[in-house]
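For reference, the structure is listed below as structure tokens.
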Amino acid sequence: MGYNQEPESEPRIYGYTRTASTVLTHMICIFFTVFMAVLSRPGTSLFSWHPFFMTLAFCFFMTEAILLFSPNGSLIKRFPHKTKGCVHWILQCLCVSCAVLGLAAISYNKHLNGKPHFTSWHGLLGLLTVCVVGLQSLAAVPLIYHSLVKGWSLAKLKRYHAASGLVTYLLGTASLLLGLSSAWFTAAVGEYTWYMSALCAALNALVIMNQVTSAYTAKKRLQS
């Protein structure tokens, strides 16, 4: 009896830990997005829309779109997988829309002020991230309409989509961290707030990485 209880207690502890980390990620998504909205004050200037839309796109919509499939902290955990897929698609469309609006805002702002475009690592990586997230969303269409592709199993398409989605999310996180190092953000916040903001972005990325990698590790174990 004692031997059987020990292995069962470990997964339960790990499950509680993953649930707690996912709940924390939900809270970070909300609070950090609100924090950036208060800091940037969207509508006060053309530039103000850039950090607001980009944070909304990658910190909120994209993170929540991935967390929908979390077995430990999904907000619609009891809904069927097809419903989760539909909500995921809607959130990703909102993510792409906000990312494009954020890119348009900063591009037009630079044009009006006669400043060169995409001269920093943040600008270059941000442009790449917006392009990749758009392509990622288009590449997901065969998951909805599987008849569009022949010779590819749905399981393989899902694996590629999850892997490329994780890369896209990490690109978004890297772009966000570079944005936190911009002159605008460092001048607007103190040192403590900067480190807390960077920690929030890093924690979100770690939780998403763990969710995606754990899901496919579990599938391989079941197949073996």
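At-a-glance table
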| quantity | calculated |
| --- | --- |
| Check on Leu91, over 26 Å from Ala215 (Cα atoms) and at pLDDT 95 or above | no |
| Checking Phe52 against (1) open to solvent by 30 Å² or more (accessible area, probe 1.4 Å); (2) over 14 Å from Leu176 (Cα atoms); (3) part of a helix (DSSP H, G or I); (4) not acidic (Asp, Glu), the condition it does not meet | (2) |
| When residues of segment 133-150 are limited to those that are open to solvent by less than 40 Å² (accessible area, probe 1.4 Å) and touching a residue at least 24 places away in the same chain (Cβ under 8 Å), the one nearest to Leu178 (Cα to Cα) | Val133 |
| Among residues of segment 22-44, those that are hydroxyl-bearing (Ser, Thr, Tyr) and more than 15 Å from the chain's Cα centre (by Cα), counted | 2 |
| Candidates Leu39, Leu46 - the one that is open to solvent by 50 Å² or more (accessible area, probe 1.4 Å), touching a helix residue (DSSP H, G or I) at 6+ places or on another chain (Cβ under 7 Å) and at pLDDT 95 or above | Leu46 |
| Entirely in segment 108-224, the helices (runs of 4 or more DSSP H) that have 1 or more residues that are of a type in the set (Gly, Ala, Ser) | 121-139, 154-180, 183-188, 191-223 |
| Breaking point among (1) out of contact with any Pro (no Cβ under 9 Å at 6 or more places or on another chain); (2) surrounded by fewer than 16 Cβ atoms within 10 Å (Cβ to Cβ); (3) free of Cβ contacts under 8 Å to residues at least 24 places away in the same chain, for Leu68 | (2) |
| Residue pairs meeting the criteria (Cβ under 8 Å; at least 6 apart or on separate chains; first under 12 Å from Gly85 (Cβ atoms), in segment 152-166; second assigned to a helix (DSSP H, G or I)) | Leu154/Leu143; Leu154/His146; Lys158/Leu143; His161/Gln136; His161/Ala139; His161/Leu143 |
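The values are calculated or read from the model by the stated rules, or taken from the named source; none is laboratory data. Values in this document were obtained by computation on a predicted structure and should not be read as measured data. Reconstructed Cβ throughout: ideal geometry from the backbone, glycine too, with neighbour counts over all protein chains shown. Ligands, DNA and RNA are excluded from the accessible area calculation, which covers all protein heavy atoms including side chains. Shrake-Rupley method; radii C 1.70, N 1.55, O 1.52, S 1.80 Å.
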